Amino acid sequence: DVKPRYPEPLQAAKVGGVVTLDALIGTDGTVRDVRVVSGDPDLGSAAMDAVRQWEFSTTYLNCTPVEVRMGVTVNFVVP
């Protein structure tokens, strides 16, 4: 579980918010594709960098590994 790094310039400027991502998990459990659905693009970039490093257990359907598409919500809270 890799946590997103809050970009320092955005944190200093008190920019926060919610980023929604769409991720495609491959048959081997790695994140094969991720894109920003909504939210600040700079925060989205930080969120995508973290999510790309996540690993999942393989999902099976009828004993066959399958790709899974999932939504991810990341909250960047201004300290």
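The values are calculated or read from the model by the stated rules, or taken from the named source; none is laboratory data. If you're wondering where the values come from, they're calculated on a predicted model, not measured in any experiment. Every residue, glycine as well, gets a Cβ built from its backbone with ideal geometry; the counts of neighbours run over all protein chains shown. Protein only, heavy atoms only, side chains kept; ligands, DNA and RNA dropped before computing areas. Shrake-Rupley method; radii C 1.70, N 1.55, O 1.52, S 1.80 Å.
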Across 31, 51, 68, the residue with the highest GNM fluctuation in the chain (Cα network, 10 Å cutoff) is 68
Could you identify which residue out of 64, 30, 20 has the top mean-square fluctuation in a GNM of the chain using Cα springs shorter than 10 Å? 64
Distance between modelled label sites at residue 32 and residue 63, nm, 7 Å Cα→Cβ extension: 2.3 nm
Residue 55-residue 12 pseudo-label distance in nm [points 7 Å out on the Cα-to-Cβ vector]: 3.6 nm
Roll a 1.4 angstrom probe over the protein heavy atoms and tell me the percent of accessible area of the chain that is carbon or sulfur. 50 percent
Helix 41-51 sits at what angle to the longest principal axis of the chain, using alpha carbons and giving 0 to 90 degrees rounded to 10? 40 degrees
Where only protein heavy atoms count, and the probe is 1.4 Å, what is the accessible area per residue for the chain in Å²? 65 Å²
